[in-house]
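The values are calculated or read from the model by the stated rules, or taken from the named source; none is laboratory data. None of these values were measured; they are calculated from a predicted model. Please note: Cβ atoms are built from the backbone with ideal geometry, for glycine as well, and neighbour counts cover all protein chains shown.
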Number of protein chains: 2
Amino acid sequence: MLKINNNFFDINQKYLFSEIRQIIRQKKSKNIKLIDMSIGDISLPIDQNIIKALHKAVDEMGDINNFKGYSPDQGYIFLRESIKQKYLKLKIKLNLSEIFISDGSKSDLSNILEIFSDQNIVGIQSISYPVYYDSCKLGGYQICFIRSCKENNFLPSPEDIIGPKPDLIYLCSPNNPTGMAYNTEQLKNWVDFALKNNIIIFYDSAYQDFIKQKDIPYTIYQIKDAKNCAIEFCSFSKSAGFTGLRCGYTIFPDEIILKINNKNINLNKLWARRQSTKFNGVSYLSQVAANEFLKNNNNLKYIKHCDANSKKIIKYLDNNLKQKYWGGVNSPYIWLETKNNLKSKDYFKYLINNYNIITTPGIGFGKDAEGFVRISNFFNI
Amino acid sequence: MLKINNNFFDINQKYLFSEIRQIIRQKKSKNIKLIDMSIGDISLPIDQNIIKALHKAVDEMGDINNFKGYSPDQGYIFLRESIKQKYLKLKIKLNLSEIFISDGSKSDLSNILEIFSDQNIVGIQSISYPVYYDSCKLGGYQICFIRSCKENNFLPSPEDIIGPKPDLIYLCSPNNPTGMAYNTEQLKNWVDFALKNNIIIFYDSAYQDFIKQKDIPYTIYQIKDAKNCAIEFCSFSKSAGFTGLRCGYTIFPDEIILKINNKNINLNKLWARRQSTKFNGVSYLSQVAANEFLKNNNNLKYIKHCDANSKKIIKYLDNNLKQKYWGGVNSPYIWLETKNNLKSKDYFKYLINNYNIITTPGIGFGKDAEGFVRISNFFNI
């Protein structure tokens with residue numbers, strides 16, 4: 001008899017966001033101009049040098065001598081070579097076989113679970129990007145939480161793991177939604193813990209280009225031996241404004257080995273097999289665009305735009321509000337405590353009614369996120 | 001303790017294709033010009049009207065007033081509306097919520113399993129696109145085979161199911177690799193069988209634009225009540241030459257309902273939830289290109305090109321070879337019996353050595369495919 005995946009009943013049905021959308025629609029129907037500080041989408045067009053490269057690539061697609069069919073499974077060599085060079089500048093050596101071009105980090109962050117048994121326990125911070133939790137639930141993986149809270153400055157350490165020891169751990173730094181980023185010592189704690197306990201870290205590095213402070217690692221591989229235990233997920237969405245073009249990449253080091261019955265299993269090969277079976281590569285145009293972005297180190301206009309917004313918001317918060325906040329420095333996000341202990345949804349309503357500002361209620365990011373809202377600084381006014 | 005997904009050991013490690021690639025490399029190193037009739041990739045550039053639409057879309061992405069960020073989860077309304085209109089011409093009514101834009105049919109054909117319990121039995125034709133088998137294996141689903149063979153003209157019916165009754169069935173028509181297509185009566189048999197037995201059909205319709213004969217349904221929804229039991233997977237890869245651009249779509253009818261504890265579960269909603277959790281939409285550029293393709297019904301140059309190739313090959317086969325073959329009419333593929341009962345890999349070697357032609361050995365498509373090779377007519381010489 002046909003049976004569905006019952007895990008679908010264990011995940012939130014997105015009522016919160018439907019409700020939010022309804023409130024926004026009501027406001028807009030009254031011609032109220034709202035400032036959208038909720039979504040992490042871009043608010044500026046793609047850079048002209050990338051537009052130029054895209055036009056050239058489009059012409060190639062229409063030319064009998066230059067059009068492109070299927071991309072190589074893992075992505076074009078030219079793009080993987082540029083990524084290799086980017087890491088080499090940080091003194092990190094990668095083989096091209098360790099680089100997988102993706103259609104954005106979200107898919108890979110979710111699909112990576114497939115190469116692991118659903119008998120594993122997955123550690124997730126109690127305040128986090130909902131994709132981790134939902135993907136684990138849908139795949140039938142047991143979850144253990146890592147407590148993220150004011151007391152640990154929203155930068156939990158291995159000591160904050162609640163319950164049984166996990167086999168796999170999602171970390172995100174700079175963090176979505178809290179905007180906080182691990183420094184070298186803190187991240188080293190996690191890597192050492194993973195190495196000691198045979199844990200693999202899924203390191204969501206989608207916001208790495210927002211890092212400004214010197215002691216914050218740009219990639220987890222700046223931590224000694226992290227290539228033995230960490231898979232890094234990166235994106236061009238926020239730094240190059242590619243939310244509409246779709247391109248990212250995943251670093252899966254060859255050093256991640258699992259010993260089974262005295263045989264060394266190279267997990268990179270399993271991921272390669274998963275991708276060649278279930279994925280058909282990224283649009284040539286998006287790969288050309290990503291490569292053009294990497295060739296120009298100075299065009300981080302999206303980052304600068306967000307940073308300018310963050311500074312304005314922080315100045316306002318410092319001068320006018322008495323609530324505490326976190327983030328906003330190495331991240332596009334500010335994590336704001338609600339006023340008078342309001343529930344996050346009520347404070348969301350307060351902000352939209354009194355300031356015409358749309359935020360994201362914390363509760364969308366986990367139960368420990370109640371009492372906070374996320375301010376996203378991608379807006380353009 | 002960290003455990004991997006052991007199902008990875010149950011799937012073919014692609015040694016066959018590595019071996020094939022090595023043979024091809026050897027030939028090429030000797031400067032032998034080969035005709036590639038193996039891969040299903042395009043051999044012509046994208047149509048100029050699509051190129052023009054792409055240039056316009058690229059300019060939009062660079063324009064402050066017109067750039068696009070995240071696509072709506074299920075794809076842009078403009079593209080889904082065009083698909084709706086396409087089906088309406090065939091007298092099939094679709095709601096926009098039933099249309100999901102994908103990055104090609106492969107991902108969805110594989111990911112669709114996720115909304116179903118791994119306790120289901122999945123029926124797969126014993127000669128088929130390897131993605132079905134590999135995806136089922138990786139997901140831990142039990143497989144039952146549906147015997148595809150000369151005796152049933154490679155168009156198996158429900159009577160050809162071997163073993164226990166399946167809960168889910170993959171069908172592909174026009175078929176990859178055999179090139180054969182179900183007529184209305186044959187497809188109606190499957191739909192009636194599915195309806196009677198509460199089975200859901202995954203209908204791979206990636207080659208629908210190659211259909212020429214009048215009695216071959218263009219979509220499964222031309223069969224009465226198929227909307228109650230079939231999900232259709234379509235692609236722009238072959239008909240519009242989009243293997244490098246990545247765009248397809250999936251029709252998931254609202255009528256597919258599962259009764260659980262007297263509650264009706266609308267499976268379309270589960271798929272929508274899966275997609276919004278694990279997928280971030282298709283590049284705006286690819287969606288614009290797909291829409292432009294749909295606006296021009298007459299630009300099926302890829303199809304015409306393949307058909308001309310097929311005719312040449314069939315003429316040669318008829319006049320010079322004594323082997324039997326199938327397909328080549330409503331499909332880009334010809335399914336050729338090997339000479340003197342040669343194993344498919346040996347006949348592959350024979351063809352490359354004597355004719356400089358690269359084909360695909362049948363064995364790559366399942367054990368019942370031994371003794372055949374697939375000729376793909378996308379080549380351009």
- Query: Counting only residues that are touching a residue at least 24 places away in the same chain (Cβ under 8 Å), in contact with a helix residue (DSSP H, G or I) (Cβ under 8 Å, 6 or more places away or on another chain) and either of a type in the set (A, V, I, L, M) or buried (at least 20 other Cβ atoms within 10 Å of the Cβ) (or both), how many does the stretch B:89-106 have?
  - Reply: 10
- Does B:Leu317 satisfy the criteria of being on the phi < 0 side of the Ramachandran plot, of a type outside the set (Gly, Ala, Ser) and surrounded by fewer than 22 Cβ atoms within 10 Å (Cβ to Cβ)? yes
- Check whether at least one residue in the stretch B:316-330 is under 30 Å from B:Glu370 (Cβ atoms), touching a Lys or Arg at 6+ places or on another chain (Cβ under 7 Å) and among the β-branched types (Val, Ile, Thr), and report yes or no. yes
- Within the stretch B:139-152, which residues are over 26 Å from B:Ile260 (Cβ atoms) and in contact with a Phe, Trp or Tyr (Cβ under 7 Å, 6 or more places away or on another chain)? B:Ser148
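With respect to A:Ile314, determine if the residue is free of Cβ contacts under 8 Å to residues at least 24 places away in the same chain, of a type in the set (A, V, I, L, M) and farther than 24 Å from A:Met180 by Cβ. Spell out how you get there, then give the answer.
Details: free of Cβ contacts under 8 Å to residues at least 24 places away in the same chain: yes; of a type in the set (A, V, I, L, M): yes; farther than 24 Å from A:Met180 by Cβ: no.
In short, no.
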- Message: Condition check: more than 30 Å from B:Leu294 (Cα to Cα), in contact with a strand residue (DSSP E or B) (Cβ under 9 Å, 6 or more places away or on another chain), surrounded by 19 or more Cβ atoms within 10 Å (Cβ to Cβ) and touching a residue at least 60 places away in the same chain (Cβ under 8 Å). Does B:Tyr133 satisfy that?
- Response: yes
- Which number in (1) surrounded by 17 or more Cβ atoms within 10 Å (Cβ to Cβ); (2) of a type outside the set (Ser, Thr, Tyr); (3) under 30 Å from A:Lys86 (Cβ atoms); (4) modelled with pLDDT of 95 or more marks the one condition that A:Lys311 misses? (1)
- Note: among B:Lys68, B:Lys33, B:Lys27, B:Lys91, just one is in the same structural domain as B:Gly366 (by TED's automatic domain parsing) and not in a helix (DSSP H, G or I), namely B:Lys33
- Return a yes/no flag: does the stretch A:221-239 have any residue that is in contact (Cβ under 8 Å) with a residue 12 or more places away in the chain, basic (Lys, Arg) and within 14 Å of chain B (Cβ to nearest Cβ). yes
- Just need a number here: residues in the stretch A:15-50 that are within 26 Å of A:Trp335 (Cβ to Cβ), polar (S, T, N, Q) and facing another protein chain (nearest Cβ under 10 Å). 1
- Of the residues in the stretch A:101-153, how many are of a type in the set (Gly, Ala, Ser) and in a helix (DSSP H, G or I)? 5
- Task: Evaluate the stretch A:314-324: report whether one residue or more is away from chain B (no Cβ under 13 Å) and under 20 Å from the mean Cα position of the chain (by Cα).
- Result: no
- Given the structure, is B:Asn12 exposed (fewer than 13 other Cβ atoms within 10 Å of the Cβ) and either within 26 Å of B:Ser237 (Cα to Cα) or out of contact with any Ser or Thr (no Cβ under 6 Å at 6 or more places or on another chain) (or both)? no
- Item | Residue ranges of strands (runs of 3 or more DSSP E) in the stretch A:165-276 with at least 2 members of a type outside the set (Asp, Glu) and surrounded by fewer than 19 Cβ atoms within 10 Å (Cβ to Cβ) | A:257-260, A:263-266
- Single unsatisfied condition, B:Phe293 versus (1) buried (at least 17 other Cβ atoms within 10 Å of the Cβ); (2) within 11 Å of chain A (Cβ to nearest Cβ): (2)
- Within the stretch A:339-365, considering residues that are among the aromatic types (Phe, Trp, Tyr) and surrounded by 23 or more Cβ atoms within 10 Å (Cβ to Cβ), the one nearest to A:Thr178 (Cα to Cα): A:Phe365
- Before we move on, is B:Tyr302 of a type outside the set (A, V, I, L, M, F, W, C), closer than 30 Å to A:Tyr76 by Cβ and modelled with pLDDT under 95? yes
- Item | Evaluation of A:Leu34 against (1) among the hydrophobic types (A, V, I, L, M, F, W, C); (2) within 23 Å of the chain's Cα centre (by Cα); (3) closer than 29 Å to A:Ser239 by Cα (one fails), failing number | (2)
- Evaluate the stretch A:256-272: report whether one residue or more is more than 19 Å from the chain's Cα centre (by Cα), facing chain B (nearest Cβ under 9 Å) and among the basic types (Lys, Arg). yes
- Query: Since A:Ser43 meets every condition but one in (1) surrounded by fewer than 16 Cβ atoms within 10 Å (Cβ to Cβ); (2) assigned to a loop (DSSP other than H, G, I, E, B), which condition does it not meet?
  - Reply: (1)
- Across (1) more than 30 Å from B:Ile20 (Cβ to Cβ); (2) surrounded by 19 or more Cβ atoms within 10 Å (Cβ to Cβ); (3) within 14 Å of chain A (Cβ to nearest Cβ); (4) not hydroxyl-bearing (Ser, Thr, Tyr), B:His305 clears everything bar (1)
